[in-house]
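*Asks:* Following this message is one structure expressed as structure tokens.
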Amino acid sequence: KVSALKAVYSFYAGQYRPDYWKDGAYHGLFGCASSDTFNCVMHWAEPYFGVFHDHSDRTGELTIAYDSWGDFSRHKIFLDLTSGQLECDDDFYATPTLKENVCTTTSDGSPWEYTMESLIKPEESLLVFFEEYARRLQCGYYYIDKFPNNRSDNQSILAYPSLVDGCHCSRAVTRGVEVIASSVSVMGKFFFLYSVRIRLLIPDDGDEYTTAEERGFDTCQLLSHRWKITKERNQLRQSLGSTIDTMVEEINGEGVFRMGQGSCSEHPLLEEGGFHVFLKKPGIKAIARPSVLDEQYDSDDDEKRCFSNNGKGYFFHQGCIEMNSQLIEGVLQFVPGSLLQPKGNVFEVRVAPVNFDHDPGFVYI
């Protein structure tokens, strides 16, 4: 049952405990995901049975991956040394299962339908887990970028799917503004994470690029958002193929919401090649750079400056959403020029629909 374990670890013995002083916490080989209220970085664990990786209340299990962001015990993926099956510490399987609808009757003769799950060769679970992850890295399903909402410029493997996954990642371009939206399920946490990346296209983007004269502005700034979320009314499904009763919830707000700084809204100002971040506090009309709202942003010390005023490439926004969500789409309203000096009428930028995966099969985050 552990032959796959021996084979995998004969090539590489996992990652050592991350060196936080050198931002090692961001370098998990199984990727990271982030929002204003949640961070997770999954490291490949070295094969160690001691207190650091082991479950205090379980025996016969070896930790394969763990979340290095918290206390090293918040979230783990472990191997059952008896069955060879790879599991999560929240009673989920980390690899796919076969699902089959079973129709039967109860003791009083009433029809009863349920979904039965069976494992796919448990002893091969670990190999399948690594093979699929290697495939996703090779095909660009996951990508490397700056860790979102991070004080440093460290590069990480982001666990959000790329456009290779056309179901859980979407892309739309409106007047030169590109919006890429994606989602990832966080097993055992009972919510989804979604990511929205925004930028102005640049000349290197080819035929999709439009000049400032063609789109009508050099810069534009986010004014507000409008999400339309399709949700499941009854979160308890009767069977795999049962009809899902849904409802649509609309959420409107200024900029994009972020925790901290008095729960400000962010209003990125986009320019070709990058962006500048502006914040707005609830109930206050003024919009300002982060340094105006909090003196820590004026510090030259990176440890005290927890969000940069500007950046290159994409502006990132991440958030959490309830587990009964099925799909999210919407529009972002932008002002040509800036909010302080508008140079035209407000226009809407489309956020194409993104589905939420209730049965991800493979679990890496």
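The values are calculated or read from the model by the stated rules, or taken from the named source; none is laboratory data. Just so it is clear, the structure is predicted and the values come from calculations on it, not from any experiment. Methodologically, a virtual Cβ is constructed for each residue, glycine included, from the backbone with ideal geometry; neighbour enumeration extends over all protein chains shown. To get the accessible areas, we keep the full protein, side chains included, count just its heavy atoms, and leave off ligands, DNA and RNA. Shrake-Rupley method; radii C 1.70, N 1.55, O 1.52, S 1.80 Å.
*Asks:* Which of the residues spanning segment 336-360 are surrounded by fewer than 16 Cβ atoms within 10 Å (Cβ to Cβ) and among the small types (Gly, Ala, Ser)?
*Replies:* Hits for segment 336-360 are Gly344, Ala352.
*Asks:* Evaluate the following for Ser156: is it more than 18 Å from Val335 (Cβ to Cβ) and open to solvent by less than 60 Å² (accessible area, probe 1.4 Å)?
*Replies:* Numbers: more than 18 Å from Val335 (Cβ to Cβ): yes; open to solvent by less than 60 Å² (accessible area, probe 1.4 Å): yes.
Against the criterion (more than 18 Å from Val335 (Cβ to Cβ) and open to solvent by less than 60 Å² (accessible area, probe 1.4 Å)), Ser156 qualifies.
*Asks:* Limited to segment 79-105, what total is found for residues that are part of a strand (DSSP E or B), modelled with pLDDT of 80 or more, under 22 Å from Asp357 (Cα atoms) and in contact with a Leu (Cβ under 6 Å, 6 or more places away or on another chain)?
*Replies:* Pass one, segment 79-105, residues part of a strand (DSSP E or B): 79-80, 86-88, 93, 97-105.
Keeping just the survivors that are modelled with pLDDT of 80 or more gives 79-80, 86-88, 93.
From what is left, the residues that are under 22 Å from Asp357 (Cα atoms) are 86-88, 93.
Those still in the list that are in contact with a Leu (Cβ under 6 Å, 6 or more places away or on another chain) too: 86.
Qualifying residue count for the region: 1.
*Asks:* Which of the residues spanning segment 5-22 are out of contact with any His (no Cβ under 6 Å at 6 or more places or on another chain), crowded, with 17+ Cβ neighbours inside 10 Å and at pLDDT below 80?
*Replies:* Selection gives Gly14, Pro18.
*Asks:* Could you pull out every one of the strands (runs of 3 or more DSSP E) wholly within segment 307-365 that has 1 or more residues that are touching a residue at least 40 places away in the same chain (Cβ under 8 Å), farther than 19 Å from Asp165 by Cβ and among the aliphatic types (A, V, I, L, M)?
*Replies:* Because the criterion is at least 1 residues that are touching a residue at least 40 places away in the same chain (Cβ under 8 Å), farther than 19 Å from Asp165 by Cβ and among the aliphatic types (A, V, I, L, M), the strands (runs of 3 or more DSSP E) in segment 307-365 that meet it are 325-336, 347-355.
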